[in-house]
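Participant: My questions will all concern the structure given below.
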Amino acid sequence: MPHRYEYDVAVTFAGEDRQFVQAVVRQVTDAGYKVFYDQDEQVALWGEELTEYFPKVYEQRSRYAVMFVSRHYAAKPWTRLERRSVLARALEQQTPYLLPVRLDATQLPGVRSTISYLDGSVIGEHGVAAAICQKLNGGSAQGGGLFNGYVPRSEHEATILVGERPAAWEYLLFSYTLVRDIERLHEKYLDFGMGFAQPTEFVKDLDLPGLVARESAMIQSALRNFSTVLSDRVQRSAFGAPGEAGNLDQILHMANRYVSVYESFIDWAARLRGYATSSDEAHAVLQALALFAHQPVERLRSFAYEYRAIADTLRARLDASEKVMLQLDVALDIPPEYSARFDQAFKSYKWSVGI
């Protein structure tokens, strides 16, 4: 006869992570499951010897324990007590019991590296809550067949992808993270397209050549350095060699760096457009220079969606036994017409100030 547990899930976490955990707990309880969460158990805990009460909850009274791992969790003596109880049960039980969720890069002593975890920083509160509900409903994080074959369009679908890790999951996760984070910058992108920028500071006309030299060097440096983000070495390390699994942390970091470059070009153009000048000629120089960000911004943005369209076909192509090789190549440059426009504006400026 199956054991009947008082709680479907018991959560163990550090107080600093309460906001994230509480959002997860509320979604799981709203789905109809019973969760042991300290703030909901204040009356039951009143007067109890907690060093005895908590071990019983984790070792005997809960079907699963969800451990929210972070640097705060690793450092607290009270969470250490809870962790010992969870690990003691996990060692004795043959079926999965410990469900770890990583909130940062902390490696927790005692938790075997072979145990599959969810990355809360990737899938968010909703994704973690959805995964818990799937587990309680009989789904399996180790390959219950919930993956739909495409790049995720939501945190819920990303949860399934990370949990099941089907063939080529690395490329699908990279694509999902890329598009998600670029779309979070949509308002900035709209401002960029309008040419809108908040005023920043005043630049004297005679100081303009030095400012232009600095800003030009910065964008040229950004163009050169971007090649490292998608270099063969970085891609191989993140996605893995053929036949090898990829590295989740490196995949996320590569996507993060890609989007940070995209955002830096938008911010660079906004900064130039926000400078106040005393002459139309100086203003025209800065506006022309800001156009240098146009191709990088548009190419970085369009590539994310082009790549998703390709990644969406991966599952079907692999199922058809097609040999698939993906290489990420994004060319960033400054079109000649923008360089010519800047050169003309700078000549007009120099003539106006007598340089």
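Participant: Given the conditions (1) under 25 Å from the mean Cα position of the chain (by Cα); (2) exposed (fewer than 14 other Cβ atoms within 10 Å of the Cβ), which single one is not true for Glu92?
Facilitator: Failing condition for Glu92: (1).
Participant: Please tell me if Ser321 is among the small types (Gly, Ala, Ser), in contact (Cβ under 8 Å) with a residue 24 or more places away in the chain and not in a helix (DSSP H, G or I).
Facilitator: For Ser321, the condition - among the small types (Gly, Ala, Ser), in contact (Cβ under 8 Å) with a residue 24 or more places away in the chain and not in a helix (DSSP H, G or I) - is not met.
Participant: I'd like to know if region 172-179 contains one or more residues that are open to solvent by 20 Å² or more (accessible area, probe 1.4 Å) and either touching a residue at least 60 places away in the same chain (Cβ under 8 Å) or not β-branched (Val, Ile, Thr) (or both).
Facilitator: Let us first name the residues in region 172-179 that are open to solvent by 20 Å² or more (accessible area, probe 1.4 Å), namely none.
The answer is no, given that none of the residues of region 172-179 is open to solvent by 20 Å² or more (accessible area, probe 1.4 Å) and either touching a residue at least 60 places away in the same chain (Cβ under 8 Å) or not β-branched (Val, Ile, Thr) (or both).
Participant: For Glu298, only one of the following conditions fails: (1) surrounded by 13 or more Cβ atoms within 10 Å (Cβ to Cβ); (2) in contact (Cβ under 8 Å) with a residue 60 or more places away in the chain; (3) out of contact with any Leu (no Cβ under 9 Å at 6 or more places or on another chain); (4) under 30 Å from Leu172 (Cβ atoms). What is its number?
Facilitator: Result: Glu298 fails condition (2) only.
Participant: Can you find, within region 222-255, the residue that is farthest from the chain's Cα centre (by Cα) among those that are open to solvent by 40 Å² or more (accessible area, probe 1.4 Å) and within 27 Å of Pro335 (Cβ to Cβ)? Spell out the reasoning first.
Facilitator: Taking region 222-255 and keeping what is open to solvent by 40 Å² or more (accessible area, probe 1.4 Å), we get 224-225, 227-228, 232-233, 236-237, 242-245, 247, 249-250, 253.
Then keep just the ones that are within 27 Å of Pro335 (Cβ to Cβ); that gives 224-225, 227-228, 232.
Details: Arg224: 24, Asn225: 21, Ser227: 21, Thr228: 19, Asp232: 21 Å.
Looking at residues that are open to solvent by 40 Å² or more (accessible area, probe 1.4 Å) and within 27 Å of Pro335 (Cβ to Cβ), I get Arg224.
Participant: Also, I was wondering about something else. Are any of the residues in region 298-316 hydrophobic (A, V, I, L, M, F, W, C) and more than 31 Å from the chain's Cα centre (by Cα)?
Facilitator: No: region 298-316 contains no residue that is hydrophobic (A, V, I, L, M, F, W, C) and more than 31 Å from the chain's Cα centre (by Cα).
Participant: Right, here's the next one. Using the structure shown, decide if Ala284 is in a helix (DSSP H, G or I), under 30 Å from Arg165 (Cα atoms) and open to solvent by less than 70 Å² (accessible area, probe 1.4 Å). Working first, answer last.
Facilitator: On the way: in a helix (DSSP H, G or I): yes; under 30 Å from Arg165 (Cα atoms): no; open to solvent by less than 70 Å² (accessible area, probe 1.4 Å): yes.
Considered against the rule, which asks whether it is in a helix (DSSP H, G or I), under 30 Å from Arg165 (Cα atoms) and open to solvent by less than 70 Å² (accessible area, probe 1.4 Å), Ala284 comes out as no.
Participant: Still on this structure: What number of residues within region 70-83 satisfy the criterion of being touching a residue at least 12 places away in the same chain (Cβ under 8 Å), open to solvent by 10 Å² or more (accessible area, probe 1.4 Å) and within 23 Å of Thr51 (Cβ to Cβ)? Please lay out each step first, then the result.
Facilitator: Our first condition is that a residue be touching a residue at least 12 places away in the same chain (Cβ under 8 Å); within region 70-83, this holds for 70-76, 79, 81-83.
Now restrict to residues that are open to solvent by 10 Å² or more (accessible area, probe 1.4 Å): 71-72, 74-76, 81-83.
This time we only want the ones that are within 23 Å of Thr51 (Cβ to Cβ), so: 72, 74-76, 81-83.
Number of matching residues: 7.
Participant: Of these, Phe342, Phe265, Phe292, Phe303, which one is in contact with a Pro (Cβ under 7 Å, 6 or more places away or on another chain), open to solvent by less than 30 Å² (accessible area, probe 1.4 Å), assigned to a helix (DSSP H, G or I) and among the hydrophobic types (A, V, I, L, M, F, W, C)? Spell out the reasoning first.
Facilitator: Numbers: Phe342 fails: in contact with a Pro (Cβ under 7 Å, 6 or more places away or on another chain); Phe292 fails: in contact with a Pro (Cβ under 7 Å, 6 or more places away or on another chain); Phe303 fails: in contact with a Pro (Cβ under 7 Å, 6 or more places away or on another chain).
Step by step, each of Phe342, Phe265, Phe292, Phe303 is checked, and only Phe265 is in contact with a Pro (Cβ under 7 Å, 6 or more places away or on another chain), open to solvent by less than 30 Å² (accessible area, probe 1.4 Å), assigned to a helix (DSSP H, G or I) and among the hydrophobic types (A, V, I, L, M, F, W, C).
Participant: Conditions first: (1) surrounded by fewer than 20 Cβ atoms within 10 Å (Cβ to Cβ); (2) of a type in the set (A, V, I, L, M, F, W, C); (3) modelled with pLDDT under 90. Leu185 passes all but one, so which condition is the exception?
Facilitator: Only one criterion is unmet by Leu185, namely (3).
Participant: Further, regarding this structure: Would you mind stating whether Phe196 is farther than 30 Å from Phe147 by Cα and either of a type in the set (S, T, N, Q) or open to solvent by 60 Å² or more (accessible area, probe 1.4 Å) (or both)?
Facilitator: When the stated conditions are applied, Phe196 passes them.
Participant: I would also like to ask the following. Being open to solvent by 10 Å² or more (accessible area, probe 1.4 Å), out of contact with any helix residue (DSSP H, G or I) (no Cβ under 6 Å at 6 or more places or on another chain) and modelled with pLDDT of 90 or more: is that true of Arg26 here?
Facilitator: Yes.
Participant: Six or more apart or on different chains, Cβ under 7 Å: which pairs go from a residue in region 26-51 that's closer than 19 Å to Ser85 by Cβ to one that's of a type in the set (Ser, Thr, Tyr)? Could you list them?
Facilitator: So the pair list comes out as Lys34/Tyr7; Val35/Tyr7; Val35/Thr29; Phe36/Tyr7; Phe36/Ser62; Leu45/Tyr53.
Participant: Further, regarding this structure: Consider Ile219 against the criteria (1) open to solvent by 20 Å² or more (accessible area, probe 1.4 Å); (2) over 30 Å from Gly127 (Cβ atoms); (3) hydrophobic (A, V, I, L, M, F, W, C): it satisfies all of them except one. Which criterion is unmet?
Facilitator: Condition not satisfied by Ile219: (1).
Participant: Take region 1-23 and flag every residue that is open to solvent by less than 80 Å² (accessible area, probe 1.4 Å), charged (D, E, K, R) and free of Cβ contacts under 8 Å to residues at least 40 places away in the same chain.
Facilitator: Correct list: Arg18 only.
The values are calculated or read from the model by the stated rules, or taken from the named source; none is laboratory data. It should be emphasised that the depicted structure is a prediction, and the values quoted were computed from it without experimental measurement. Note that each Cβ is placed from the backbone with ideal geometry, even for glycine, and that neighbours are counted across all protein chains shown. The protein model used for the area step is the full one, side chains on, heavy atoms only, and it has no ligands, DNA or RNA in it. Shrake-Rupley method; radii C 1.70, N 1.55, O 1.52, S 1.80 Å.
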